[in-house]
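Shown next, in structure tokens, is the structure this report addresses.
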Amino acid sequence: MEKIIVWYLRMSVVYFVTGAVAGFVMILWPENSGYYLKSHAHLNLLGFMSMMIYGVGYHILPRFSGKQLYSPKIMHMQFWLANTGLIGMAVSWPFADPGSTSFPLLISSAISLIAVALFAFNILKTVKSV
Ligand code: HEM
Ligand code: HEM
């Protein structure tokens, strides 16, 4: 398995543990859960689940479709964007005023969105039938 794919899987597991700890913190201090809820949800869903799917998808989908991955360069670039974006979101959410968007949150969300789009592009180009 390619080294970068192993890193996708490693980071996925790191976000799972971090997300679960954030969930447990909300159980311990429910009065403050509003600060952590969005970080918790996205560490688990954009971190654990999506990062696992990126890693497994990059490994398996080219093999299933009998093709080379369209762009290993995009796969590498996306790794850094996905991680920077998610960490930025998870850290800046608790500090953003409720109902408003802070500048760090806006930038990190945009980076996460670019990572999502790059994955979609790279995988769709890989599995396209012709
Ligand atoms: C040890 C594991 C976990 C603990 C202790 C935990 C704890 C919590 C708590 C206490 C809340 C509610 C906070 C509130 O409304 O005040 C919550 C919400 C949430 N959790 Fe977890 N959680 C865990 C794992 C997960 C996992 C694995 C996922 C997803 C893969 C997840 C996704 C969510 C989502 C999406 C919400 C928000 C639901 C909503 O919109 O109200 N959690 N969690
Ligand atoms: C570019 C990536 C993403 C961005 C920028 C983003 C942004 C947001 C925002 C702004 C909210 C609303 C927060 C509020 O209530 O004020 C939200 C909520 C939520 N998002 Fe995302 N999201 C992203 C990806 C995802 C993904 C991939 C999933 C699931 C696989 C997801 C699941 C959820 C859930 C379950 C909630 C409700 C959580 C809660 O109860 O507060 N998000 N997201």
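Read-outs: derived from the displayed coordinates by stated rules, not from any lab. These numbers come from a predicted model, not from an experiment. In this analysis, Cβ positions are derived from the backbone assuming ideal geometry, glycine residues included, and neighbour counts consider all displayed protein chains.
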Report task. With the checklist (1) out of contact with any Ser or Thr (no Cβ under 9 Å at 6 or more places or on another chain); (2) of a type in the set (S, T, N, Q); (3) closer than 22 Å to residue 74 by Cβ in hand, flag the one item residue 50 doesn't pass. Result -> (1)
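Within the range 1-41, how many residues are within 24 Å of residue 76 (Cβ to Cβ) and either among the hydrophobic types (A, V, I, L, M, F, W, C) or within 14 Å of ligand 2 (Cβ to nearest atom) (or both)? Show your work before the answer.
As a first pass, look at the range 1-41 and keep what is within 24 Å of residue 76 (Cβ to Cβ): 1-16, 18.
After this cut, where a residue has to be either among the hydrophobic types (A, V, I, L, M, F, W, C) or within 14 Å of ligand 2 (Cβ to nearest atom) (or both) as well, the list is 1, 4-7, 9, 11-16.
Summing the residues that are within 24 Å of residue 76 (Cβ to Cβ) and either among the hydrophobic types (A, V, I, L, M, F, W, C) or within 14 Å of ligand 2 (Cβ to nearest atom) (or both) in the range 1-41 gives 12.
Residue-wise test of (1) away from ligand 1 (no atom under 11 Å from the Cβ); (2) surrounded by 13 or more Cβ atoms within 10 Å (Cβ to Cβ).
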residue: 3; (1), (2): yes, no
residue: 25; (1), (2): no, yes
residue: 35; (1), (2): no, yes
residue: 67; (1), (2): yes, yes
residue: 70; (1), (2): yes, yes
residue: 79; (1), (2): yes, yes
residue: 108; (1), (2): yes, yes
Query raised in the report: Taking the range 48-65 as the region of interest, how many residues are surrounded by fewer than 20 Cβ atoms within 10 Å (Cβ to Cβ) and hydroxyl-bearing (Ser, Thr, Tyr)?
Result: 1
Report summary line: Just one listed residue, out of 74, 123, 114, 87, is in a helix (DSSP H, G or I) and closer than 17 Å to residue 45 by Cβ, and it is 87
Query raised in the report: Only one residue in 59, 76, 40 is in contact (Cβ under 8 Å) with a residue 60 or more places away in the chain and either within 27 Å of residue 20 (Cβ to Cβ) or not small (Gly, Ala, Ser) (or both). Which one?
Result: 76
Report summary line: With criteria (1) within 13 Å of ligand 2 (Cβ to nearest atom); (2) in contact with a Lys or Arg (Cβ under 9 Å, 6 or more places away or on another chain), residue 128 comes up short on (1)
Requested in this report: Scan the range 6-21 for residues that are among the aliphatic types (A, V, I, L, M) and either at positive phi or free of Cβ contacts under 8 Å to residues at least 60 places away in the same chain (or both) and jot them down.
Outcome: 6, 9, 13, 14, 17, 20, 21
